[in-house]
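**Q** Supplied in structure tokens, the structure appears directly below.
The values are calculated or read from the model by the stated rules, or taken from the named source; none is laboratory data. On a predicted model such as this, the values are computed, not experimentally measured, just so you know. In this analysis, Cβ positions are derived from the backbone assuming ideal geometry, glycine residues included, and neighbour counts consider all displayed protein chains.
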Ligand code: GLU
């Protein structure tokens with residue numbers, strides 16, 4: 001497989017690993033494998049891609065993956081960086097940086113969302129693209145992995161500016177995207193609205209209506225029933241699977257959810273529907289705590305009428321944002337951005353179970369501390385795979401032209417998630433390692449097998 005690089009780039013350095021003593025958690029799993037710990041100072045300064053590689057290296061060593069194929073699995077196959085000049089509403093011109101990283105196409109066309117955020121850079125998009133490749137392998141859908149992003153502050157831009165930016169990005173990436181090549185979807189700060197603009201711009205450029213080039217579209221443009229709720233719903237299903245394995249009772253559990261966008265709000269909603277008391281919620285405008293349980297439907301309705309934010313919510317007491325993660329709860333769902341749980345705050349986390357709705361919310365240093373404390377973490381590449389699973393169903397529906405009911409989609413998505421959970425759980429048990437390393441081992445094995453059998457090297 002040829003590796004194409006279309007941009008200025010820095011090379012990812014692999015962190016060194018140092019042995020540490022293992023200790024058993026209450027699952028009887030070796031909470032820290034000797035290969036899974038490094039000195040904290042070194043690892044917390046890693047960029048997101050390096051931090052991802054550090055944990056991937058641990059998995060590759062543990063499963064004794066041969067180095068030749070591992071070099072291919074861990075290296076992004078294409079990195080595209082574009083400059084996007086946009087006319088702003090005041091007549092001035094601003095140039096934005098846009099990225100698309102194709103990590104792998106070993107298992108199928110590459111798949112992954114597009115995010116709009118000031119923090120977007122090449123390292124972040126590279127990490128997110130790799131996670132997509134592993135997430136699709138774990139979800140057992142026939143895709144490789146990719147991610148896109150534009151460094152911008154969408155909250156300070158008008159709808160017109162966002163539309164021009166989205167169309168410029170689509171035009172710049174029109175030779176990268178394709179129904180059988182690379183299929184974007186929503187991610188942080190993008191939604192069905194942006195996907196509709198992409199379908200329109202891409203269809204104009206390529207000359208033919210092509211809804212299957214993106215997923216997460218509005219229903220009237222070939223979107224799938226159940227896609228909007230799919231990620232949060234899947235996060236809850238993964239949490240319930242873990243709760244059953246740990247023999248906990250959801251009806252006696254308290255949860256905190258960080259982030260109240262699509263993933264956080266729907267995760268909280270499904271926790272509540274399953275009898276888990278959600279006592280803490282937060283977004284970038286505020287954090288809220290109610291020991292009696294927050295009425296999530298009320299919070300969702302409040303946000304809808306309040307420009308999509310929780311600021312001013314009266315159904316709970318306002319607390320410091322950093323206190324949310326440290327609340328006295330059984331279950332914690334970080335559903336915002338990367339690196340929220342770090343070596344600095346991991347020691348103060350009280351939850352016994354963490355289910356990662358966001359991509360990369362737990363740093364490598366925090367993993368070591370939490371593993372040592374016996375906290376079970378259901379990793380992002382497993383827990384939030386419900387979104388891309390229903391994206392796959394959407395793509396299949398677009399290709400066949402036959403559309404399923406919401407009930408049918410949800411039933412299939414639940415089945416897929418339960419199977420993925422069981423697969424990862426079994427690997428983690430067998431290798432006596434954490435669910436994160438177990439997930440990487442499962443994914444690496446699958447992608448490596450595809451690379452070997454295709455033999456393009
Ligand atoms: N952005 C979502 C994720 O990180 C969905 C990706 C997709 O549906 O392609 O999983």
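**Q** What do you reckon, is residue 358 assigned to a loop (DSSP other than H, G, I, E, B), buried (at least 22 other Cβ atoms within 10 Å of the Cβ) and either on the phi > 0 side of the Ramachandran plot or within 14 Å of the chain's Cα centre (by Cα) (or both)?
**A** Answer is yes for this residue.
**Q** Looking at the range 198-241, which of its residues are part of a loop (DSSP other than H, G, I, E, B) and over 20 Å from residue 409 (Cβ atoms)?
**A** 207, 208, 209, 210
**Q** Is the range 120-128 home to any residue that is in contact (Cβ under 8 Å) with a residue 60 or more places away in the chain, within 16 Å of the ligand (Cβ to nearest atom), surrounded by fewer than 24 Cβ atoms within 10 Å (Cβ to Cβ) and under 16 Å from the mean Cα position of the chain (by Cα)?
**A** no
**Q** Tally time: how many residues in the range 404-453 are over 25 Å from residue 230 (Cβ atoms) and either assigned to a loop (DSSP other than H, G, I, E, B) or at pLDDT below 95 (or both)?
**A** Count: 3.
**Q** Only one of (1) part of a helix (DSSP H, G or I); (2) touching a residue at least 24 places away in the same chain (Cβ under 8 Å) is not met by residue 313, so which one is it?
**A** Going through the list (1) part of a helix (DSSP H, G or I); (2) touching a residue at least 24 places away in the same chain (Cβ under 8 Å), residue 313 breaks only (1).
**Q** Let me ask something additional. Check 416, 425 and return the single one that is farther than 25 Å from residue 262 by Cα, surrounded by fewer than 24 Cβ atoms within 10 Å (Cβ to Cβ) and either within 16 Å of the ligand (Cβ to nearest atom) or in contact (Cβ under 8 Å) with a residue 24 or more places away in the chain (or both).
**A** 425
**Q** I need the full set of residues from the range 102-114 which are crowded, with 24+ Cβ neighbours inside 10 Å and either within 12 Å of the ligand (Cβ to nearest atom) or on the phi > 0 side of the Ramachandran plot (or both), in order please.
**A** Scanning the range 102-114 gives 110, 111, 112, 113, 114.
**Q** Still on this model: Can you name every residue in the range 163-176 that is closer than 17 Å to residue 212 by Cα and either in contact with a strand residue (DSSP E or B) (Cβ under 6 Å, 6 or more places away or on another chain) or in contact (Cβ under 8 Å) with a residue 40 or more places away in the chain (or both)?
**A** 173, 176
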